[in-house]
């Protein structure tokens, strides 16, 4: 469903599992509806990513409430993020604009520290956006080489948060 309540076609792309992609897209649609409902001004475009699945929704008009139907622009694998600088180094990037936190709550141990081994799918931090806590996961494994964003720092979409060296 779109933010305006109209159904959204979510046909999966490529050879990915249809039921897995559908479940991920359903979760992304829920987050998009919640996010759009909490924003004060009109929204023209929303892009959300979970792992390799990307959901982009664009309204051709003023806002989702005015649009009769929101159609996903794409549901495709995201390109693998690459860190600038050292060859082979990989950057885990922010999936959304918000505030980056290295730990699940104040005073708790951070999700990762320099030197830690990270598995694919492991949570490396959270980004708070509109009072929603969005887990940031590594798309691939590696050893934490550098923490690129400080705890409590505002971050932009696609900003590198943690640099991983291959193992």
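Derivation of every value follows stated rules applied to the coordinates shown; laboratory data play no part. Bear in mind that the values here come from a model prediction, so they are computed numbers and not experimental data. Cβ sites come from the backbone with ideal geometry, for glycine too, and all protein chains shown count toward neighbours.
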Quiz item: Could you list, in sequence order, the residues of the stretch 153-167 that are part of a loop (DSSP other than H, G, I, E, B) and touching a strand residue (DSSP E or B) at 6+ places or on another chain (Cβ under 7 Å)?
Solution: 158, 159, 166, 167
Quiz item: Does residue 120 count as outside any strand (DSSP E or B) and loosely packed, with under 15 Cβ neighbours inside 10 Å?
Solution: yes
Quiz item: So residue 118 fits all but one of (1) on the phi < 0 side of the Ramachandran plot; (2) out of contact with any strand residue (DSSP E or B) (no Cβ under 9 Å at 6 or more places or on another chain); what number is the exception?
Solution: (2)
